[in-house]
Amino acid sequence: MSVVSTHPIFLLHHHRHHNRTPFKPVHKLQFIAKKHLRFSLNCNRTPNRRANVCSRHFCATKALSSSGVSVLETSSESSNVTFSETFKLKRHEKLEGKITIRLGSGKNEDCWKLTVGCSLPGKWVLHWGVNYVDDVGSEWDQPPLDMRPPGSISIKDYAVETPFEKLPASFEGELFYEVNIDFNTSKSIAAINFVLKDVDSGCWYQHRGRDFKVPLINYLQDDGNVVRSKKGLNIFKGALGQISNVLLKLEAADSKGDDTREPNLLSSPLQGFYEEHSVFKELFTDNSLSVSVRHCLERANNVLHVETDLSGDVVIHWGVCRGEGKIWEIPAEPYPPKTTKYKNKALRTLLQQKDNGTGSWGSFTLDDQFSAFVFVLKLNDDTWLNCKGNDFYIPLSKSAVTDEHSGQTHSKGEGNEFDSPVKTDEASESNEVPSAYTDNIINEIRNLVSDISSGKSQKTKSKEAQESILQEIEKLAAEAYSIFRGFMPSFTDIDLSEDEDLERAVKISSGTGSGYEILCQGFNWESHKSGKWYTEIYEKASELSSLGFTVIWLPPPTDSVSPEGYMPRDLYNLNSRYGNIDQLKSLVRRLHEVGIKVLGDVVLNHRCAQYKNKNGVWNIFGGRLNWDDRAVVADDPHFQGRGSKSSGDNFHAAPNIDHSQEFVRKDITEWLCWLREEIGYDGWRLDFVRGFWGGYVKDYLEASEPYFAVGEFWDSLSYTYNEMDHNQDAHRQRIVDWINATNGTAGAFDVTTKGILHSALERCEYWRLSDEKGKPPGVMGWWPSRAVTFIENHDTGSTQGHWRFPGGKEMQGYAYILTHPGTPSVFYDHIFSKNHSQILELISIRKRNKINCRSTVKIIKAERDVYAATIDEKVAVKIGPGYYEPSNDAKNWSFALEGRDYKVWEVKNINKVTQN
């Protein structure tokens with residue numbers, strides 16, 4: 001069986017550059033090295049209509065029953081409950097299934113059917129197209145209308161998508177999904193191409209890194225992705241029933257002689273086959289862990305009850321603590337059933353299975369002399385579960401309650417075994433294991449590279465041998481990268497303020513500018529239509545400066561297949577639909593005269609070719625940078641690139657550029673430096689940075705030395721049943737990972753904050769604007785100096801409207817981003833609208849109070865109908881229809897601005913000198 005590769009759309013795979021140290025922002029975020037666990041844990045929140053806060057219960061509760069049913073306690077018993085809490089567990093699972101492909105004849109010799117099936121659960125879609133007999137190259141075409149199954153939809157002009165149907169009967173005891181494509185050989189179709197898409201996870205499933213290709217003629221060129229059996233099968237098992245006398249043996253080998261005949265479907269009978277391919281899918285399963293403590297006065301002890309819905313055997317690895325210390329020790333007997341000692345440092349108890357089989361439970365009786373019960377969970381030899389990188393720390397008395405139920409990490413030892421507690425200053429030792437291991441992998445890679453080099457010099461290595469070595473290097477690199485990701489630092493917020501004197505001389509950084517920047521997006525989706533946009537902005541330069549903008553983002557300047565500029569072709573040709581190169585230079589000079597820095601919108605991920613190759617595929621470039629197909633990534637399914645595999649997500653509308661090629665990096669670096677010198681750009685807005693590794697961006701920025709740079713890393717937030725999840729940590733982590741890869745040389749648009757604002761304002765759920773730690777829930781809450789906040793741009797709004805901000809609530813959005821840390825970006829359409837004066841006043845408030853990208857936020861309220869916060873203890877803001885007024889106990893607050901469902905205050909008598 002061949003193995004199907006999985007490429008998540010919204011995750012970057014940087015196999016070749018995994019060994020760079022992530023950038024660490026100073027004093028703001030604390031990096032904590034952690035072991036790679038298959039679980040993540042978050043404290044479960046207790047719903048509260050007025051405030052979404054994490055509640056701890058020291059009151060009457062329902063007891064946890066071993067049968068899985070809650071039992072109502074009497075008031076006298078419940079008064080002895082000193083602790084009760086439920087923790088949410090996210091369990092990571094890897095499912096293995098199969099993709100089946102069957103080609104068989106139908107009613108007559110001209111009617112055939114292709115059946116594609118999948119045994120993994122999910123919402124599956126077949127993304128497919130065809131090649132016709134007279135086609136040259138490998139680009140897809142749409143199939144004939146009568147070939148498309150019901151429910152199919154067209155994807156541009158080259159493919160269709162067809163949803164899989166769930167079979168009514170089980171397939172060998174498991175779910176099965178399939179698509180049937182009926183076709184007639186008279187249609188002159190040479191091949192059917194497809195990939196599978198899991199809509200829920202956004203993953204694409206390919207064959208050996210390329211499309212699945214089912215040939216319908218015998219001598220179609222095999223690019224390594226052709227599927228067809230070498231042997232015929234007699235039976236197709238399961239609900240699809242038996243098929244006999246249909247599956248014919250394929251030819252043992254292709255003809256070795258030269259055959260220059262034109263392909264002809266009638267030249268040889270079409271032969272059926274059946275194949276299976278292994279496929280893997282990662283799932284996150286939600287589980288929970290409940291812990292309660294009951295104090296018995298008569299017996300002077302505590303009874304701790306643990307219950308979980310985790311399936312299978314669950315071992316609790318535990319100990320106790322005395323006083324305020326968190327040092328593990330073993331209590332005296334008796335112990336619960338099935339308890340063993342581990343190295344005389346801890347106890348291990350196998351939890352009992354519930355009667356209804358829905359999980360397990362355990363009960364522990366502990367003397368009053370102990371202050372806390374500490375533990376971790378062990379599910380198998382490789383899987384442990386702790387509390388946010390530390391031990392579960394359960395107080396046995398009210399006086400022992402801490403803010404976080406976690407103790408020192410109890411996870412040092414061989415392999416994944418837990419040993420004695422580890423002190424904080426020993427944490428660095430845990431990094432030595434992955435470091436040494438990855439060093440060994442790197443040494444192996446170096447040795448393999450040496451083999452290739454020596455082979456080339458001696459000319460003794462065959463092409464096959466070199467390819468084999470390169471494949472081995474790729475495997476080792478992928479393994480090292482997975483280790484790197486497992487031990488990658490997680491962000492723990494300790495204080496959003498940075499220990500910097502912001503009154504001293506401003507330090508310029510390409511990731512932040514001066515720290516006081518206010519960005520104007522100087523165009524919309526229709527700006528190209530006038531043909532003289534540069535001239536129009538020239539005339540507005542003084543007004544934009546007077547409004548308080550310090551940086552403007554101009555549209556893409558290059559020759560482009562699309563008039564908006566995002567399908568660039570000849571990078572050195574700066575005559576675009578927005579104006580010519582001389583008008584652009586004049587505009588940049590004028591903006592500099594009025595004190596505004598200028599960002600160029602550069603598209604580095606993809607580039608449109610100007611010529612076809614010998615196969616008729618558009619992958620040969622023209623102009624000064626006349627690259628060939630070596631500049632195109634190898635796994636772009638439509639452009640036959642000869643480069644390396646992509647280091648990110650493919651943009652399917654144009655050839656994706658392979659930035660691992662030295663000549664590509666050299667040319668792009670020279671081009672960016674030329675733009676800086678020739679045009680006068682001060683920095684960059686980087687388009688579709690999901691498509692290539694952030695480390696390349698770091699190289700480009702270090703070479704071109706921009707004043708300010710920001711990347712567009714836009715992917716989907718997390719939703720459950722069409723409702724946005726409250727916790728968007730995974731989404732903002734992906735953006736922060738990209739910023740880290742650039743070594744902090746670029747900021748990124750805070751897509752997380754925009755998405756959360758959408759739900760908060762649309763649904764009147766302002767509690768969403770505080771994360772579980774009481775901090776802003778977007779990138780702003782983790783790395784504010786690198787967060788470029790916005791509510792709208794040319795893609796989300798304008799005439800495209802892909803993700804339009806809630807109508808009539810724009811000023812609430814601007815009241816939020818223009819008073820909060822980060823670098824705010826204001827959309828052109830909003831500047832010159834009925835909201836003009838309100839935006840102007842908000843900018844003035846920001847500037848005279850010196851709010852900057854590193855300012856400190858203190859969230860006062862985050863409830864159903866109101867959000868309120870103070871920033872740097874100088875500005876107070878509330879958004880939402882609910883009530884809030886700042887207290888004048890410690891500060892002398894003065895009303896500054898009010899609009900529909902928002903209000904802003906300032907502290908009186910502060911030095912309000914406008915920051916220029």
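Points to keep in mind about this one:
- Counting residues in the range 124-138 that are closer than 22 Å to Phe651 by Cα, modelled with pLDDT under 85 and buried (at least 16 other Cβ atoms within 10 Å of the Cβ) gives one or more.
- Criterion applied to Gly691, Gly680 was being open to solvent by 10 Å² or more (accessible area, probe 1.4 Å) and either over 26 Å from Ser586 (Cβ atoms) or at pLDDT 95 or above (or both), and the one residue passing it is Gly680.
- Only one of the listed residues (Leu717, Leu672, Leu686) is open to solvent by 10 Å² or more (accessible area, probe 1.4 Å) and in contact with a Gly (Cβ under 9 Å, 6 or more places away or on another chain). That residue is Leu717.
- For the range 720-739, a residue qualifies if it is within 27 Å of Cys520 (Cα to Cα) and open to solvent by 10 Å² or more (accessible area, probe 1.4 Å), and the qualifying residues are Gln733, Arg734, Asp737.
Okay, residues lined up against (1) at pLDDT 95 or above; (2) crowded, with 24+ Cβ neighbours inside 10 Å:
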| residue | (1), (2) |
| --- | --- |
| Thr789 | yes, yes |
| Gly807 | no, no |
| Ala815 | yes, yes |
| Pro821 | yes, yes |
| Ser825 | yes, yes |
| His830 | yes, no |
| Gln838 | yes, no |
| Lys847 | yes, no |
| Cys853 | yes, yes |
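- Conditions (1) of a type in the set (Gly, Ala, Ser); (2) assigned to a strand (DSSP E or B); (3) farther than 18 Å from Ser292 by Cα: number failed by Ala332: (2)
- The number of residues in the range 617-636 that are open to solvent by less than 30 Å² (accessible area, probe 1.4 Å) and polar (S, T, N, Q) comes to 1.
- Of the criteria (1) open to solvent by 10 Å² or more (accessible area, probe 1.4 Å); (2) under 14 Å from the mean Cα position of the chain (by Cα); (3) not acidic (Asp, Glu), which one Lys698 fails: (2)
- Any hit, the range 383-391, residues being β-branched (Val, Ile, Thr) and assigned to a strand (DSSP E or B): no
- A count restricted to the range 308-345 and to residues that are within 33 Å of the chain's Cα centre (by Cα) and open to solvent by 50 Å² or more (accessible area, probe 1.4 Å) stands at 3.
- Selection of the range 521-562 for residues being out of contact with any Asp or Glu (no Cβ under 7 Å at 6 or more places or on another chain), over 23 Å from Glu678 (Cα atoms), part of a loop (DSSP other than H, G, I, E, B) and open to solvent by 20 Å² or more (accessible area, probe 1.4 Å) yields Glu526, Val561, Ser562.
- Checklist (1) surrounded by fewer than 22 Cβ atoms within 10 Å (Cβ to Cβ); (2) among the acidic types (Asp, Glu); (3) part of a loop (DSSP other than H, G, I, E, B) applied to Asp667, failing item: (3)
- Whenever a residue of the range 603-624 is basic (Lys, Arg), its partners that are assigned to a strand (DSSP E or B), lying with C-beta atoms within less than 8 angstrom and at least six residues away or across chains, give the pairs Arg607/Pro568; Arg607/Ile657; Lys612/Trp618; Lys612/Asn619; Lys612/Ile620.
- The one condition in (1) modelled with pLDDT under 75; (2) open to solvent by less than 70 Å² (accessible area, probe 1.4 Å) that Glu262 fails to fulfil: (2)
- As a summary of the residue check, Asp872 satisfies the conditions (1) touching a strand residue (DSSP E or B) at 6+ places or on another chain (Cβ under 7 Å); (2) closer than 23 Å to Arg768 by Cα except for the one numbered (1).
- Enumerated strands (runs of 3 or more DSSP E) restricted to the range 156-232, each holding at least 2 residues that are touching a Lys or Arg at 6+ places or on another chain (Cβ under 8 Å), at pLDDT below 85 and surrounded by 15 or more Cβ atoms within 10 Å (Cβ to Cβ): 203-207
- Filtered residue count, the range 867-891, keeping only those that are out of contact with any Leu (no Cβ under 6 Å at 6 or more places or on another chain) and part of a strand (DSSP E or B): 9
- No other residue among Phe827, Phe790 is hydrophobic (A, V, I, L, M, F, W, C) and touching a Lys or Arg at 6+ places or on another chain (Cβ under 7 Å) apart from Phe790.
- Within the range 866-884, the presence of at least one residue that is touching a helix residue (DSSP H, G or I) at 6+ places or on another chain (Cβ under 6 Å), over 27 Å from Ala741 (Cα atoms) and surrounded by fewer than 22 Cβ atoms within 10 Å (Cβ to Cβ) is confirmed.
- As for the range 586-595, it holds no residue that is charged (D, E, K, R), part of a loop (DSSP other than H, G, I, E, B) and modelled with pLDDT of 95 or more.
The values are calculated or read from the model by the stated rules, or taken from the named source; none is laboratory data. Predicted model only: the values in this text are computed from it and were never measured. For neighbour counting, all protein chains shown are included, and Cβ atoms are generated from backbone atoms with ideal geometry for every residue, glycine included. Please note that ligands, DNA and RNA were not included when accessible areas were found on the heavy atoms of the full protein model with its side chains. Shrake-Rupley method; radii C 1.70, N 1.55, O 1.52, S 1.80 Å.
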